[in-house]
Amino acid sequence: MRTIWETLGRGPVRDIALVCLAVGVIGLSYGAIAVTSGFPWWFPVLMGALVLAASSEFLFVGIIATGGSPIAALFAGLLVNARHLPFGLAVPDVLGRGWRGLLGTHLMNDETVVFAIAQEGPARKRAAYWACGLGILVCWPVGAALGALLGSVVKDTDALGLDAMFPAVILALILPSMKDRALRRTALVGAAIALALTPFLPAGLPVLAALAALPLFRTRNPEGAAR
């Protein structure tokens with residue numbers, strides 16, 4: 001049986017490791033915010049392991065911390081995670097069956113799906129999905145636990161700027177692909193849509209709305225015909 005390193009190669013493994021590290025750093029911010037908002041230290045850790053969806057967890061904590069009802073926070077989180085429906089259609093062959101399929105579904109998030117669909121061939125797709133998913137399953141709750149400890153010491157966690165690391169890592173990973181004109185145009189339009197909707201929609205939904213820019217993406221075959 002080939003290892004993940006042998007299947008994916010050095011580059012993808014390095015990229016997955018960087019993203020998992022960035023997720024762990026965001027987990028620091030999440031755990032600290034949860035504790036400073038009045039939640040016990042174990043709450044963000046438990047949520048991190050069982051929910052494993054950063055945007056809905058941030059939203060849940062924010063709604064409860066501002067006096068909202070748990071039911072409203074729950075439905076808001078489910079609404080944000082509605083983007084997993086098209087995600088499941090994008091990677092049906094990497095999840096497996098039985099208990100493996102259940103675990104694979106639990107690991108589904110933006111990062112795992114992106115890494116999976118970026119690979120060529122089913123073996124590479126499965127390796128990228130599971131490597132990223134299991135890495136995040138470890139890094140996110142561990143980051144939340146460390147953040148909970150940090151939140152009991154540092155009250156103004158926003159001053160640390162921890163939330164900037166994840167976007168910075170993602171930007172660094174996608175920049176090489178932006179040389180393609182069609183992809184660059186589509187990404188810019190999608191970013192504009194998400195930015196315009198951010199003040200009006202819950203966290204996570206603007207990113208989902210940015211998918212409206214996908215029809216703009218066109219690639220060309222060697223003969224120059226659009227496809």
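Some notes on this structure:
- Hey, ALA53 farther than 18 Å from GLU111 by Cα and either touching a Pro at 6+ places or on another chain (Cβ under 7 Å) or open to solvent by less than 50 Å² (accessible area, probe 1.4 Å) (or both) or not: no
- Within the option set ALA123, ALA90, ALA118, ALA127, being crowded, with 20+ Cβ neighbours inside 10 Å, hydrophobic (A, V, I, L, M, F, W, C) and more than 17 Å from ALA53 (Cα to Cα) holds for one residue only, ALA127.
- Count - residues of the stretch 46-63 that are over 13 Å from the mean Cα position of the chain (by Cα), under 19 Å from SER152 (Cα atoms) and at pLDDT below 85: 1
- Unmet criterion (only one of (1) modelled with pLDDT of 90 or more; (2) open to solvent by less than 30 Å² (accessible area, probe 1.4 Å)) for PHE43: (2)
- Members of the stretch 97-141 found to be closer than 27 Å to TRP42 by Cα, in contact (Cβ under 8 Å) with a residue 24 or more places away in the chain and out of contact with any helix residue (DSSP H, G or I) (no Cβ under 6 Å at 6 or more places or on another chain), listed by number: GLY104, HIS106, ASN109, ASP110, TRP130, LEU134, LEU137, VAL138
- Condition check for THR66: loosely packed, with under 15 Cβ neighbours inside 10 Å and β-branched (Val, Ile, Thr): yes
- Selection count, the stretch 1-32, where residues are under 14 Å from PRO141 (Cα atoms) and either part of a loop (DSSP other than H, G, I, E, B) or open to solvent by 50 Å² or more (accessible area, probe 1.4 Å) (or both): 1
- If only residues of the stretch 158-199 that are part of a helix (DSSP H, G or I) and polar (S, T, N, Q) are counted, the one that is modelled with the highest pLDDT is THR186.
The values are calculated or read from the model by the stated rules, or taken from the named source; none is laboratory data. Bear in mind the structure is a predicted one, so any value in this text is a computation, not a measurement. FYI the Cβ positions are ideal-geometry reconstructions off the backbone, even for glycines, and counts take in every protein chain you see. For the accessible areas, the whole protein counts, side chains as well, though only heavy atoms, and no ligand, DNA or RNA atoms are used. Shrake-Rupley method; radii C 1.70, N 1.55, O 1.52, S 1.80 Å.
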